[in-house]
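The values are calculated or read from the model by the stated rules, or taken from the named source; none is laboratory data. Note that this is a predicted model, so its numbers are computed, not measured. Cβ sites come from the backbone with ideal geometry, for glycine too, and all protein chains shown count toward neighbours. With ligands, DNA and RNA removed, areas are computed over all heavy atoms of the protein, side chains included. Shrake-Rupley method; radii C 1.70, N 1.55, O 1.52, S 1.80 Å.
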Amino acid sequence: VDELQIRPSNGRGKALLAPQLFREVPKAFFGLLASDNAPIYLDALDALERVLSAGGSLSRQEALEVVVEVLREHPEFVVAQEFPNAQAEAATLSGQASLVLRRLIETRWLHEPQRSDYQRLVTFDANGEILLAALRQIARGELAQFTDKIQIACGTLLNDDAFTDHPLADLEGCLANIQSGLRELRQMQN
């Protein structure tokens, strides 16, 4: 064990993913998806993001109303493990909505910044939007489409005029197209 050292890079000069990721989001950000209340959280996030996309923010009261509607569809709300000292608050639908909204803010899926005018506004976190979009794509099993990204990368590589003005950017674009194209091919295989 003394000989084995954990290095901060993968041998190719790139930092490990976990430290970078957990600097951006707390571990509880993903733990939310593994909790007993995960279906409620996901449906609440989905509903809130749809409403928030129109205006960018909601008052806390409006956000609570959205969560109450989701809870009406999910009578299976579990109090015990996640909210051990909130039995009284969880006795009502509005109390449960408050607990859910508070958890979404604590785990940084949502933000409720302190404001000088004391208004309580809720906004969606950019990282949460990215992950929610990926979860929607997985859940809906959208048909895979081949968009010729591999062919675009090959065309760029064969082009004599490519890589002259911005060689690194062109190469990164080719790599991104190849990775995206391979991902599309794997989706088509499924």
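Of note:
- In the range 88-112, the residues that are of a type in the set (Phe, Trp, Tyr) reach residues that are open to solvent by less than 70 Å² (accessible area, probe 1.4 Å) with C-beta atoms within less than 7 angstrom, at least six apart or across chains, in these pairs: Trp109/Phe29; Trp109/Leu32; Trp109/Leu45; Trp109/Asp125; Trp109/Gly128.
Matching residues to (1) assigned to a helix (DSSP H, G or I); (2) out of contact with any Lys or Arg (no Cβ under 7 Å at 6 or more places or on another chain); (3) open to solvent by less than 60 Å² (accessible area, probe 1.4 Å):
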| position | (1), (2), (3) |
| --- | --- |
| Gln151 | yes, yes, no |
| Asp165 | no, yes, no |
| Asn177 | yes, no, yes |
| Gly181 | yes, no, yes |
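Matching residues to (1) surrounded by 10 or more Cβ atoms within 10 Å (Cβ to Cβ); (2) modelled with pLDDT of 55 or more:
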position: Val1; (1), (2): no, no
position: Ile6; (1), (2): no, no
position: Lys14; (1), (2): yes, yes
position: Ala18; (1), (2): no, yes
position: Pro26; (1), (2): yes, yes
position: Phe30; (1), (2): yes, yes
position: Leu33; (1), (2): yes, yes
position: Asp36; (1), (2): yes, yes
position: Tyr41; (1), (2): yes, yes
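- Lone qualifier among Gln61, Gln81, Gln20 - being without any contact (Cβ under 8 Å) to a residue 60 or more places away in the chain and not in a helix (DSSP H, G or I): Gln81
- Condition met for Glu49 (touching a strand residue (DSSP E or B) at 6+ places or on another chain (Cβ under 6 Å), surrounded by 15 or more Cβ atoms within 10 Å (Cβ to Cβ) and within 18 Å of Arg136 (Cβ to Cβ)): yes
- For beta carbons closer than 9 Å, sequence separation of 6+ or different chains, a first residue in the range 113-130 that is of a type in the set (A, V, I, L, M) and a second that is assigned to a helix (DSSP H, G or I) and open to solvent by 60 Å² or more (accessible area, probe 1.4 Å), the qualifying pairs are Val122/Glu62.
- Residue selected from the range 115-137 under the condition acidic (Asp, Glu) and assigned to a loop (DSSP other than H, G, I, E, B), by the criterion most open to solvent (accessible area, probe 1.4 Å): Asp117
- In the condition set (1) part of a helix (DSSP H, G or I); (2) at pLDDT 85 or above, Ala54 is compliant with all but (2).
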